[in-house]
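Taking it in order: structure first as structure tokens, then the write-up.
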Amino acid sequence: MSNNLKLVNDSLGHAAGDVLLQSVAQRLRHCVGEKDLVCRQGGDEFIVLLDELPNLEAATTVAQRINDRLGAPYQTDSGELVTSVSIGIAMYPDDGDDFNALLRKADAAMYQAKEAGRNTFRSHHLDADPNALDELMIRNGLRPALTRGEFSLHYQPILSLATGTLLGAEALLRWRHPTLGDIPPDRFIRVAELSGHIVSIGEWVLHEACRTAATWPRGDLSVAVNLSPLQFRHGSLEASISAALSASGLDGRRLELEITESTLMGDTSILIDQLARLKALGLRLAVDDFGTGYSCLAYLRRLPVDKLKIDRAFVGDMSEDADDASIVRAIIQMAEALGVRTVAEGVESAHQHAMLEALGCAEGQGYFYARPMPAEAFARWAADDTARPALT
């Protein structure tokens, strides 16, 4: 699989992408023997059939040759292009005795190579890893899932720790696969990011969350939406958000975007400009899972961030682990110094709630207050004050 084709098509045009594909095919042809077959499967994927290979070691030798040859720069009318390659290897008869079986296993191995960082190859045995076939089904099912209406959003309430007032909810993506059933987000989000589908899925989430929040009876409730780093690097994020707000009629001040610490570690000047344009829409910005990445005080001080969400790993153990309690205290104090609000994720007990409130944490969400729920259930929950836990 030759990576970065979409980027070339989007930036230089499809004519340049076609030239790149032709160059890749020519280099592949020079990497194999006269009896071997090279063909394009579609998109940026190629199939190479190698005849009379004695063992896996021989296959990896060819794979390394392909890796080296395809990794060299390409000279085009638009200048020098550099791409990478992810290779999956399947061997007959160990990995399958027909073409379709070998192709499935080579595809799964290629996907593992892509996940490992690209410019590499993998040989993968699906029979030894039953979850790999499920992962392949997840990957292939992501694109049609949007058109088939398989995605939905659940909403987890966010409350004031001091008063128990409902402030809003975080929109959480759910997927019910027609064959695999309910797939946990930690399984398919990673696949969606690696495949690039997260951009179109994320755009749907933005529109759906804004549409739903606009129907809530209380006009002061906010909705928080998670953004992938890929949504910052690809697509028109500002235009997508503007379109979602316009189509739904939602006040931008009621939309909160949650970004990861890894998103903040890009080019500072570009990032500040991008975040400033988003803030101009009236929305708020929160750093999700804070404490697990690489943010520093000097870096955060320059960014227009409104909230820090303390990672659930620290909140969950703070009652028993003095170190975690110290980390939570330090994050809250740092946020106060920056004029930023803090939100505790994963609050599961009254004791954790009390500790967080005493430390000065402003907001909280977690099973202690409510589990994520479908839109209709959240609307009922929000209207029923008796559904809230007693905080005193």
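Of the strands (runs of 3 or more DSSP E) lying entirely inside the range 1-105, those containing at least 2 residues that are under 30 Å from the mean Cα position of the chain (by Cα) and closer than 24 Å to S195 by Cβ are 37-42, 45-49, 86-89.
Could we say that A344 is open to solvent by less than 20 Å² (accessible area, probe 1.4 Å), aliphatic (A, V, I, L, M), in contact with a Gly (Cβ under 8 Å, 6 or more places away or on another chain) and closer than 26 Å to G219 by Cβ here? So A344 passes the test. I need a count of the residues in the range 337-388 that are of a type in the set (S, T, Y) and either within 25 Å of the chain's Cα centre (by Cα) or closer than 24 Å to F151 by Cβ (or both). Residues flagged as of a type in the set (S, T, Y) and either within 25 Å of the chain's Cα centre (by Cα) or closer than 24 Å to F151 by Cβ (or both) within the range 337-388 amount to 2.
Could you check the range 353-389 and list, in sequence order, the residues that are hydrophobic (A, V, I, L, M, F, W, C), in a helix (DSSP H, G or I) and over 21 Å from D220 (Cα atoms)?
Listed by number, the residues that qualify are A354, M355, L356, A358, L359.
Scanning the range 151-183 for residues that are open to solvent by 40 Å² or more (accessible area, probe 1.4 Å) and either of a type in the set (S, T, N, Q) or at pLDDT 90 or above (or both) yields S152, H154, A162, T163, T165, L167, R174, R176, T179, D182.
Considered as a group, the residues in the range 16-40 that are hydrophobic (A, V, I, L, M, F, W, C) and exposed (fewer than 14 other Cβ atoms within 10 Å of the Cβ) include one that is nearest to L5 (Cα to Cα), and that residue is C39. Flag: G43 does not match the condition of being without any contact (Cβ under 8 Å) to a residue 12 or more places away in the chain and closer than 26 Å to L7 by Cα.
The values are calculated or read from the model by the stated rules, or taken from the named source; none is laboratory data. Since this is a predicted model, take the numbers as computed values, not measurements. All Cβ positions, even for glycine, are placed from backbone atoms using ideal geometry, and neighbour counts span all protein chains on display. To get the accessible areas, we keep the full protein, side chains included, count just its heavy atoms, and leave off ligands, DNA and RNA. Shrake-Rupley method; radii C 1.70, N 1.55, O 1.52, S 1.80 Å.
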